[in-house]
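Student: Here it is, the structure, as structure tokens.
Rule-based calculations on the coordinates, nothing more; no lab input. These figures come from a predicted structure and were not determined experimentally. A quick note on method: Cβ atoms are made from the backbone with ideal geometry, for glycine too, and the neighbour counts reach across all protein chains shown.
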Amino acid sequence: MLLSLCAIPMLGWAAKPSIDPNTPEGKLLQKAQNENDLSKRLQLLELFPELFPTSPLAEQAFGEMQARYHQAGKLAQALAAGSRVLIFNPSNLEAACLNWRIAADMKDATLTDVWMKQAGYVAERAFKTPDPDMSQATRDCGNSARQANEMEAYKEAFTAKNPADRIKLLELFLVNHPQTTHADDIEIAVFLAYRELGDAAKALAAAERLVAHNDTREDAMLLVAESYFKSGKDPNAVVNLSKKVIDRVNKGEKPEGFSEADWARNKTAELTQANYMIGSVSFQAEKWEAADQAFRAALPNLTDPRFRAEVLSSLGWANYKLKNVSDAIKFYVDCTNIPGPFQQAASKTLNTITAEYRIK
């Protein structure tokens, strides 16, 4: 940001209000304006606040003092004069930007940061009713300061350790910066913060907002798909989101911070869950081929006996309906070997199929 300071113009005579040489203060300012000797000009300018402390030309006089002190290398006095300008006119972006530059010239990092922030705040006000005579350099300075303030506020919000504080700061940031380019990242961060808090309802709501336009977060898509699947809501959305998860996981690269083993386990778990949901929804809709394909993909990684038996039973029936009799029998046989609620039904269905096809 400091590189932009070289483009900030030196403050000269602010043309508002105009100088009336027929008034005492006008005569003094005009005399200072016509004085070529910098030291003498400053002496004349220093008389102004003593003689005319409430004059409408005070902002103009202090602006000239700010510029001339800076020119003379009297940086502390220049900074003070610029501060006085902003007392008279809090929207004087040129004065705020020059104070930013002066602070940088003083090589004071803390003061430079203060005036960078101040220039950003002044720019927010000034750009609401922009002066048509404002130079492009001043506009550029104001935009740089605003961007720096925005980035700092974003960083503070995004890195807040407490997830509840993080959410509040990020939402406040969006209110203060509605046109921010960080909106998508904030949406993700809010979703993750609600998950960190363990607030299932708000995490789901955040995930729903996210997946409505963002296909890059398989965790959010899987959360929404699982919620809809368990509640029986919108089966088509369950299938579509699950397919996106599968595509995303298969094409994705290992995230930073994940070990190869953790990444492999995570991929397997997400793919298994997505395929299981596609298989279940397809089975209920009697879409046998889709159910068969998805359940076959999920089966190798199902370790829970209850779910494994359910999928084997469903695969048996789907393949029976597809007239893949040998596969249907194989799946039912495997299901009968797992103790539980599906065992007896699988045995009966197996007997029915073998009798129908006269298989011994």
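Student: I'd like the per residue volume of the convex hull spanned by the Cα atoms of segment 2-156, given in cubic angstrom. Kindly include the intermediate steps, with their values, before the conclusion.
Tutor: Values: hull volume 16.7 nm³, N = 155.
Value for segment 2-156: 108 Å³ per residue.
Student: Taking only Cα atoms, what is the 0 to 90° angle, nearest 10, from helix 75-88's long axis to the longest principal axis of the chain?
Tutor: 80 degrees
Student: From the gyration tensor of the Cα coordinates in segment 160-214, what semi-axes in whole Å does the equivalent ellipsoid have, largest first, with each one equal to sqrt(5λ)?
Tutor: On the way: eigenvalues 60, 44, 12 Å².
Taking √(5λ) for each eigenvalue gives 17, 15, 8 Å, largest first.
Student: Read phi for every residue in segment 150-163 and hand back ³J(HN,Hα) as whole Hz from Karplus 6.51 cos²θ - 1.76 cosθ + 1.60, θ = phi - 60°, with x for Gly and Pro.
Tutor: Ordered by residue, 3J(HN,Hα) equals 4, 5, 5, 5, 5, 4, 4, 5, 5, 9, 4, 6, 7, x Hz.
Student: Sorted by mean Cβ packing within 10 Å, highest first, what order do the peptides 126-134, 313-321, 215-223 take? Don't skip to the end; give the middle numbers.
Tutor: Details: 126-134: 12.1, 313-321: 23.3, 215-223: 20.3.
Result, highest mean first: 313-321, 215-223, 126-134.
Student: Same structure, new question: Let me know the charge dipole size of segment 217-283 about its Cα centre in debye, to the nearest 20, where only the beta-carbon of Lys, Arg (+1) and Asp, Glu (-1) is charged.
Tutor: Charge dipole of segment 217-283: 220 debye, to the nearest 20.
Student: Right, something else. Averaging sequence separations of C-alpha pairs under 8 Å and six or more residues apart, then dividing by the length of segment 302-360, give the relative contact order as a whole percent.
Tutor: Values: 56 pairs, mean separation 17.3, N = 59.
The normalised contact order for segment 302-360 reaches 29 percent.
Student: With θ set to phi - 60° and the Karplus curve 6.51 cos²θ - 1.76 cosθ + 1.60, what are the ³J(HN,Hα) couplings of segment 183-194 in order, to the nearest whole Hz, using x for Gly and Pro?
Tutor: Result, ordered by residue: 4, 5, 5, 5, 4, 5, 5, 5, 4, 5, 5, 5 Hz.
Student: How large are Rg and Dmax for segment 217-283 when only the alpha carbon atoms are used, in Å?
Tutor: Rg then Dmax for segment 217-283, in Å: 12.1, 38.
Student: When only Cα pairs under 8 Å and 6 or more residues apart are kept, what is the percent relative contact order across the chain?
Tutor: On the way: 435 pairs, mean separation 27.9, N = 360.
It comes to 8 percent, rounded to a whole number.
Student: With a 10 Å radius around each residue's Cβ, average the other Cβ atoms per peptide and rank 54-60, 339-345, 33-39, highest first. All intermediate terms of the calculation are to be shown ahead of the outcome.
Tutor: Values: 54-60: 17.4, 339-345: 13.6, 33-39: 10.6.
For the peptides 54-60, 339-345, 33-39, the packing ranking is 54-60, 339-345, 33-39.
Student: Rank by packing, highest mean first: peptides 228-240, 88-100, 348-360, with packing defined as the count of other Cβ atoms within 10 Å averaged across residues. Don't skip to the answer; put the middle values down first.
Tutor: On the way: 228-240: 15.8, 88-100: 25.5, 348-360: 12.3.
The densest-packed peptide leads the list: 88-100, 228-240, 348-360.
Student: In whole angstrom, note down how far apart the Cα centers of segment 195-247 and segment 251-308 are.
Tutor: Here the answer is 15 Å between Cα centres.
Student: Using the charge dipole of the chain (Lys, Arg: +1 at Cβ; Asp, Glu: -1 at Cβ; taken about the Cα centre), state which of 213, 241, 181 has its Cα farthest towards the positive end.
Tutor: Towards the positive end, the residue furthest out is 241.
Student: So how strong a dipole does the chain carry about its Cα centre when Lys and Arg Cβ are +1 and Asp and Glu Cβ are -1, to the nearest 20 debye?
Tutor: Values: 42 positive and 46 negative charges, 224 e Å.
Rounded to the nearest 20 debye, it is 1080 debye.
Student: Only helical DSSP H runs with n ≥ 4 go in: add -39500 (n - 2.57) per run for the chain, normalise by residue count and round the 222 nm mean residue ellipticity to 500 deg cm²/dmol. Write out the running numbers ahead of the final one.
Tutor: On the way: 17 runs with 259 residues, N = 360.
One gets -23500 deg cm²/dmol as the mean residue ellipticity at 222 nm.
Student: Rounding to the nearest 20 debye, state how big the charge dipole of segment 160-214 is about its Cα centre with +1 on each Lys and Arg Cβ and -1 on each Asp and Glu Cβ.
Tutor: 120 debye
Student: Binning every alpha carbon pair distance of segment 96-219 at 5 Å from zero, what are the percents per bin?
Tutor: Calculated over all Cα pairs of segment 96-219, the distribution is 2, 10, 17, 16, 15, 11, 10, 8, 6, 3, 0 percent.
Student: Got a sec to turn the phi values of segment 266-273 into Karplus ³J(HN,Hα) couplings, 6.51 cos²θ - 1.76 cosθ + 1.60 with θ = phi - 60°, whole Hz, x for Gly and Pro?
Tutor: 5, 4, 4, 5, 5, 5, 5, 5
Student: Next question. Please report, in Å, the Rg and the Dmax of segment 276-360, where both are computed over Cα atoms only.
Tutor: According to the Cα coordinates of segment 276-360, Rg and Dmax are 11.9, 35 Å.
Student: How much of the calculated P(r) for segment 170-313 lies past 17 Å, in percent of all Cα pairs?
Tutor: 65 percent
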